[in-house]
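Inspection log for the structure reproduced underneath, given as structure tokens.
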């Protein structure tokens, strides 16, 4: 393969394998091949846009790793940035594209089976980096200083001359072409022939890992400053800020003379010390460097004994940190066997540096963090955020000997601080915690070693807790470190930072655990089960709440522990994660289980109160009112404390989902209590979850966690949910701060429901019913209490319209399998199949507007108009996206939808099926078979076809075997061929026919309902004769038929319209009143409106074009008097004779319409109203008094920015704030004339 690879091929690789996914998910009704073909096409286009070949700027693994910091926090990649950077890749900032610095390979997919290195080798095996050749790669932990085995004097002397050094660069690597050999030569370096390592002929210092922009002089001065006092010429032209302080001891002879009183028992040779820059201070055996005097760099002379002891200690520490007991990370103590070996597996944390004001500065990678350690570094992070794992990982890296960046530390001490060890010495603390050191290290020997090594000693101090008392030795270590010059890294919770901040040089803060690290850990731990990982990753793609949970390391550990112990359990819900976390947290404190449970209960009360008040930050007063012991809550990790930049501390739960979990558990506890007061309190909380928005949004999690296990609370909760379907208040949509944290997918879904409901009002209640049924059934199964709850669910199913797609999978599918009688309870099942829709031809619509006068407006009202072209393009794009999504579906009628019906006995028939098809001409053979089977289960079938030419013939087999079951048939924009006409004629049991033509009417003797539209002929006699043959007709609807002028003239007669108005009063059960057009209607408008007082069931009133001013005001008066109590839709559009003043009076009067959901007061652009402030104020006040109002159409009314702001302010307080919309912009084919 390698021999055939070319640079042209590298953009045409194939990353995706649809057959692999199809093998994993054979039952999925999804066309994986199609979507992967489209993805591959997009991937190739992206690859072609990227640079080709070797990228010397990305030779550094640390630099490559840094590029991944710009990845989105929610990037669902199973590859960790660290392993991608190690495999040669850096992030390109184009979607998910990563690219190899060496061969230029670009990858956009992330394999679950193969890590990036293996995938790299599989797709481009000729990459020199993958083959292990020298390409200049700089490992992430590498440093600039190099050590050479061959360091002979002969070689150095050979390169004293500049010409000789120049000659050494003959084979200087091409990947270092940005570093000119001339600059290196002038700085005293010659090329060693190894990688990009150079050596100074004078000081023997070796430097490597050169990158673009490096200055050889500066690097030489930085790493080997002693070279410059031996060569003042080189020093004078080096970096100015490295200029040493003027000092009498600059002269080596004077330095040597300072050693005249050097102690006799000191082992170090004064001549050597003077040679390398030291002079004697006159105190004990302490010497000082003349060069860095300004840095107060004091050192003690080494002794052979100390050297031997520190080397022994170094070896013992390395052995301890390499021991499995240290590497193994138990997140929940020793009470679960699940643990991660930190040497083999580590998920990188997201860490930012902070400034002196505690403000975040920049995110750092692990190499940058290790490089930044100086004096005292504080790392803050919540309990379970990964502090301990980070400190242990640092110790393990140091002990491995493979981390040059940490090699500057001769000794590393990891200490977990325990308040119970206050009186122990530092040596005792180390001996008690480091394996193999017990009783071997004295305080004096430790002190001597540390004094001799100063900043070459690193202390990693975990569990810093000053409030509960630190060991005295640790407090002394921190406070005196300005003298000792050791390096301290201290891990602390945020509320403890104040106690250490004054000593810290650097403050780092741990952010949320990266999702990529979570997925990387799970992929590594469960690599044997790709199916498990695949299912989990798919669920993560749409479970925003679960994704947010898995940004907490302890939740990840809880999930992994649960998977390991329950391989066949329900492994994909947030409830499982939280229950596992609670269980393992209790196991962590085996002696304090009762105390912890009591604290969880108390915190549950706090959580409940907080959620229903949208409170997430709590004061000490809030905690004390409930009786929470602050220190215990912090000790068990149930709450976090925040004190930074606050006068009073704040407390919060470490994750919103944990607050919801405790709240749900507390609600369950209260509802299941035998104490009436507790039960009453639980019901008060439950009854506040009373709207579609809350159930569809964030509040559903409280209910899910309350029903996480069997309890007497479960039937109470499910009963409450089902009763909401008949509660008027359940349609309110007020949005609080807590609701605003609802997952984005839920919000988008609800927005779509809201938009659709504006067009089809009954759609809202339909979706609400589906949501409640689905959640109630899920809770019943989740809690293993389906037998107790099934009767309630079956009762609510009775008489409902149920969409068939609910039966495809999930809890309702299972309910139908467990309780087959449930299939006979709904009034009807409904299914809609939709094919590819063609965009509406907007040309005809646009042409209708071209005859209108172009409106002219002031500049402040230009936003009231939108161009057709813009809207048309957006509609087309949206429709293309919908069609494309639909094309991914493999089957229209999958087997899963048929499965529940197979439980029905052959002689039993389910009452009713409504089956609608739109924009389809044929079904595949397997779908036709399933359709035939589906039809056979039903006694009555309604078949609706829209734009489905040829479909009836295609599904002929399914229809012929069930002819007697078809009772309702409708056609819309669908021509029938002769075979299809005969098929329709054979449906002898038809009771309702809705068609575009009437020839078939007389062949349907059982017809009871007739809707006739767009008749192509005008022969009323023939139509009457056809209808006379249908003896069972009970309803006739004739739409858009040609009527004569005499019929229209009747609508303009005043006396006839008065009789019409009075006749309306007898229609006591009238639900919809759409008034016809005509001048006579205007004359009697007031009288007609007055009759509406006698229509208690009226839901829709449409009075367009011919409503009089008096009639408009009469509508408001009737409403105030108690009419229109059930009115849902009020359409008063195109009434251009009504003035703004009349409208203002109408708004000021209108109220008492509790069910009104939609109102339309639109006008033509040629009759627009420029709203005065008083009119807008009256309108806004009117809307605020209509509690169910959701949609307002006022196209043709001109609002300015202040008007809209007034409406928005009111909207925030409106009961339907989530759904309330105002449509007021005209869409025209031309722009308005602006009156400057």
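The values are calculated or read from the model by the stated rules, or taken from the named source; none is laboratory data. It should be emphasised that the depicted structure is a prediction, and the values quoted were computed from it without experimental measurement. Quick reminder, even Gly has a Cβ in these numbers, built from the backbone with ideal geometry, and neighbours come from all protein chains shown.
Matching residues to (1) surrounded by 17 or more Cβ atoms within 10 Å (Cβ to Cβ); (2) assigned to a strand (DSSP E or B):
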| site | (1), (2) |
| --- | --- |
| 502 | no, no |
| 507 | yes, yes |
| 513 | yes, no |
| 518 | yes, no |
| 528 | no, no |
| 533 | yes, no |
| 540 | yes, no |
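Considering 511, 507, the condition of being out of contact with any helix residue (DSSP H, G or I) (no Cβ under 9 Å at 6 or more places or on another chain) and at pLDDT 90 or above is satisfied by 511 alone. The single condition among (1) under 46 Å from the mean Cα position of the chain (by Cα); (2) crowded, with 21+ Cβ neighbours inside 10 Å; (3) under 14 Å from residue 477 (Cα atoms) that residue 426 does not satisfy is (1).
Surrounded by fewer than 18 Cβ atoms within 10 Å (Cβ to Cβ), more than 28 Å from residue 513 (Cα to Cα) and touching a helix residue (DSSP H, G or I) at 6+ places or on another chain (Cβ under 9 Å), is that true of residue 670? Judged against the criteria, residue 670 is not a match. Listed conditions (1) buried (at least 17 other Cβ atoms within 10 Å of the Cβ); (2) farther than 30 Å from residue 183 by Cβ; (3) modelled with pLDDT under 70 are all met by residue 274, apart from (3). For segment 897-906, does any single residue satisfy the condition of being surrounded by 17 or more Cβ atoms within 10 Å (Cβ to Cβ), more than 35 Å from the chain's Cα centre (by Cα) and either part of a helix (DSSP H, G or I) or modelled with pLDDT under 95 (or both)? Within segment 897-906 (the criterion being surrounded by 17 or more Cβ atoms within 10 Å (Cβ to Cβ), more than 35 Å from the chain's Cα centre (by Cα) and either part of a helix (DSSP H, G or I) or modelled with pLDDT under 95 (or both)), the answer is yes, since at least one residue qualifies.
A single entry from 864, 776 fulfils the requirement of being over 19 Å from residue 904 (Cβ atoms), surrounded by 19 or more Cβ atoms within 10 Å (Cβ to Cβ) and at pLDDT below 75: 864.
Residue 222: closer than 28 Å to residue 199 by Cα, surrounded by 15 or more Cβ atoms within 10 Å (Cβ to Cβ), in contact with a helix residue (DSSP H, G or I) (Cβ under 8 Å, 6 or more places away or on another chain) and at pLDDT 80 or above, yes or no? Yes, satisfied.
Put simply, of 368, 319, 311 the only residue that is surrounded by fewer than 20 Cβ atoms within 10 Å (Cβ to Cβ), out of contact with any helix residue (DSSP H, G or I) (no Cβ under 9 Å at 6 or more places or on another chain) and on the phi < 0 side of the Ramachandran plot is 311. Scanning segment 249-271 for residues that are part of a helix (DSSP H, G or I), over 22 Å from residue 224 (Cα atoms) and either in contact with a helix residue (DSSP H, G or I) (Cβ under 8 Å, 6 or more places away or on another chain) or at pLDDT below 70 (or both) yields 254, 258, 259.
Each residue in segment 963-986 was checked for being surrounded by 18 or more Cβ atoms within 10 Å (Cβ to Cβ) and in contact with a helix residue (DSSP H, G or I) (Cβ under 9 Å, 6 or more places away or on another chain), and 9 pass. Can you say whether residue 176 is modelled with pLDDT of 90 or more and surrounded by 15 or more Cβ atoms within 10 Å (Cβ to Cβ), as far as the supplied structure shows? Here the answer is no, as residue 176 does not meet what is asked. Candidates are the residues of segment 1187-1207 that are in a loop (DSSP other than H, G, I, E, B) and without any contact (Cβ under 8 Å) to a residue 40 or more places away in the chain; the one that is surrounded by the fewest Cβ atoms within 10 Å (Cβ to Cβ) is 1195. The number of residues in segment 1069-1104 that are assigned to a loop (DSSP other than H, G, I, E, B) and within 23 Å of residue 1189 (Cα to Cα) comes to 10. Residues of segment 1139-1161 that are in a loop (DSSP other than H, G, I, E, B) and surrounded by fewer than 20 Cβ atoms within 10 Å (Cβ to Cβ): 1139, 1151, 1152, 1154, 1155. Mind listing just one residue for me: the one in segment 327-354 that is farther than 22 Å from residue 523 by Cβ and touching a strand residue (DSSP E or B) at 6+ places or on another chain (Cβ under 8 Å) and, of those, modelled with the lowest pLDDT? Among those that are farther than 22 Å from residue 523 by Cβ and touching a strand residue (DSSP E or B) at 6+ places or on another chain (Cβ under 8 Å), it is 354.
Summed over segment 72-116, residues that are in contact with a strand residue (DSSP E or B) (Cβ under 6 Å, 6 or more places away or on another chain) and free of Cβ contacts under 8 Å to residues at least 24 places away in the same chain total 1. Using the structure shown, decide if residue 786 is exposed (fewer than 15 other Cβ atoms within 10 Å of the Cβ) and in contact (Cβ under 8 Å) with a residue 12 or more places away in the chain. Considered against the rule, which asks whether it is exposed (fewer than 15 other Cβ atoms within 10 Å of the Cβ) and in contact (Cβ under 8 Å) with a residue 12 or more places away in the chain, residue 786 comes out as no.
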